[in-house]
Amino acid sequence: LTRDRASGPLPAAAPGKPSIVLIVLDTVRADHLHRFGYARDTMPALEAWARDALTVERAVTPGGWTSPSHASIFTGLSVSEHGVHYAEDPGGDDEHLGTLPVEGLPWITNRLSALGYRCIAVSANSLAIPHEMTGWSRHVEPRRILWLPSTLAGLGDIVSPLSRRISEALRWRMPYAEASDVVDITMRAVPPQGGPLFLFVNMMDAHSPYNPPAAALRSLDVDPRPPFGLYATHRDITREWKDLPPGTGEALADLYDGELRSMDMELRRLLPWIDGRFGKNALVIVASDHGEELGEKGRVGHEYGLSQRILHVPLFVKGDGVRSGDDNEVASLVNLYDYILAAASGGTPDEAILSQAGKHGILSERYPSGYNAAKLGPAYGRAWVSLIEDDLKVVGPPDEGLKLYDLGKEGFSSEVPLAMTPEAALLGGRIADYWDALRDQRTGDEGRAAESKERLRRLKALGYVE
């Protein structure tokens, strides 16, 4: 199933400007790519394509999950500034997954449309593009018919091992459209001629639940026997972690890597097609919106805190005039907004844009999640703000307790705890200034988006809501 928000033919496009392609590989952590030091070569097609690209070695996401991260990319604003995050009504017992964006946001699609671009999105993740975001010429969301546990088929899987094995083998209860479908639809959604275009593509195979195709696992010489159901969500695995048998972490990593390889098999089709369709002067960006914890400290998913396993994401940029090689500066995905607009305005954008720090520095945020705190413990219900400067990382805000980490000793994907220093205290003060001045304090109905029944069903399928 697909949903296309556009109606009628695409508008005419202005000639002479480079097309821009942004591919977000949802939930891909940098340290599970060979390029970033991982032993297993999970995504060889992507890395072969990226040999001629700029590789940003130390890119971080501004938000710890899909909605706030994408909203920052599409607005150039921090999470508190755009307002897309968890929100809880302090006077009630209900919580909505996301607030309404604040009014008057400078959506990148509107800016690009004013420059003569047609904007097309094909997104497997329905949380990636806020419903209030305007400026799309065409927005397609491939969807599966959901087979949630509440259906007869789901109940059959619970009570019958044979039914579960058949269901898992056929992979018919995966809650998202797979990369193969996204690639097929993208090739149909993009018009055969004309430009310039802004094309956004989201693939979410690396998001739980994990059930990679057998061909992807075989290509990694993996035959996992996971000690949990293949349709288990990250929340369920975390909750059951202490009771799962030995080998859980290794099996989980195998399944996750299999999903990476599955996406890579489709990128082997998509990336050459993009190069052929848009030409050498196109700007192509491949990134992830956030990473994933895979059993570290008993946590699975991206629901807790702002560890480097969640924040450190791959980022590759290729285009006419963009140099190939490594950029070792700390960069934030929030800067993709200015970088893309610079390319759309003419010329090759300066790669220094990617590492520019705002007034308070390079920040990442996660608003409290009462959903998780109710099931996984009160620590899941606190606010988190991280500030990274060079090899130091401070996590606050101060009234929740400051922590300091070294990101250079064991690599940027690892954080080594440090004792608090006067320098770190100054960084913590910048977090406090930011949090006190800019945090989103909207409450009640005026600050939240009503969730439709269909949207809630999809959130349940991905393990965010019970």
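The values are calculated or read from the model by the stated rules, or taken from the named source; none is laboratory data. Nothing here was measured: the structure is a model prediction, and the numbers come from that model. Glycine gets a Cβ as well: all are built from the backbone with ideal geometry, and neighbour counts include every protein chain shown. The area values use the complete protein model at the heavy-atom level, side chains included, leaving out ligands, DNA and RNA. Shrake-Rupley method; radii C 1.70, N 1.55, O 1.52, S 1.80 Å.
Within the range 300-328, restricting attention to residues that are of a type in the set (Lys, Arg) and closer than 21 Å to residue 284 by Cβ, the residue that is farthest from the chain's Cα centre (by Cα) is 323.
When residue 379 is tested against the conditions (1) among the small types (Gly, Ala, Ser); (2) over 29 Å from residue 42 (Cβ atoms); (3) open to solvent by less than 10 Å² (accessible area, probe 1.4 Å), the lone failure is (3).
Here is the figure for the range 349-363: residues that are out of contact with any Lys or Arg (no Cβ under 9 Å at 6 or more places or on another chain), open to solvent by 60 Å² or more (accessible area, probe 1.4 Å) and not small (Gly, Ala, Ser) total 2.
When the test is whether a residue is in contact with a Phe, Trp or Tyr (Cβ under 7 Å, 6 or more places away or on another chain) and of a type outside the set (Ser, Thr, Tyr), residue 206 passes it.
Let's see how each residue does on (1) farther than 22 Å from residue 102 by Cβ; (2) of a type in the set (A, V, I, L, M, F, W, C); (3) modelled with pLDDT of 95 or more; (4) surrounded by fewer than 20 Cβ atoms within 10 Å (Cβ to Cβ):
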| residue | (1), (2), (3), (4) |
| --- | --- |
| 394 | yes, yes, yes, no |
| 413 | yes, no, yes, no |
| 417 | yes, no, yes, yes |
| 425 | yes, yes, no, yes |
| 465 | yes, yes, no, yes |
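Counting only helices (runs of 4 or more DSSP H) that fall entirely inside the range 101-175 and contain at least 2 residues that are modelled with pLDDT of 90 or more and of a type outside the set (Gly, Ala, Ser), the qualifying elements are 108-114. A single entry from 317, 284, 334 fulfils the requirement of being open to solvent by 10 Å² or more (accessible area, probe 1.4 Å), touching a residue at least 24 places away in the same chain (Cβ under 8 Å) and of a type in the set (Val, Ile, Thr): 334. Could you check the range 196-227 and list, in sequence order, the residues that are out of contact with any Ser or Thr (no Cβ under 6 Å at 6 or more places or on another chain) and either of a type in the set (D, E, K, R) or free of Cβ contacts under 8 Å to residues at least 24 places away in the same chain (or both)? Hits for the range 196-227 are 214, 218, 221, 223, 225. Any chance you could count how many residues in the range 329-383 are within 22 Å of the chain's Cα centre (by Cα), of a type in the set (D, E, K, R) and under 30 Å from residue 238 (Cα atoms)? Residues meeting the conditions: 3. Just one of the listed residues (382, 430) is of a type in the set (Lys, Arg) and under 22 Å from residue 331 (Cβ atoms), namely 430. Here residue 202 clears all of (1) of a type outside the set (A, V, I, L, M); (2) within 28 Å of residue 112 (Cα to Cα); (3) open to solvent by less than 10 Å² (accessible area, probe 1.4 Å); (4) at pLDDT below 95 except the condition numbered (4).
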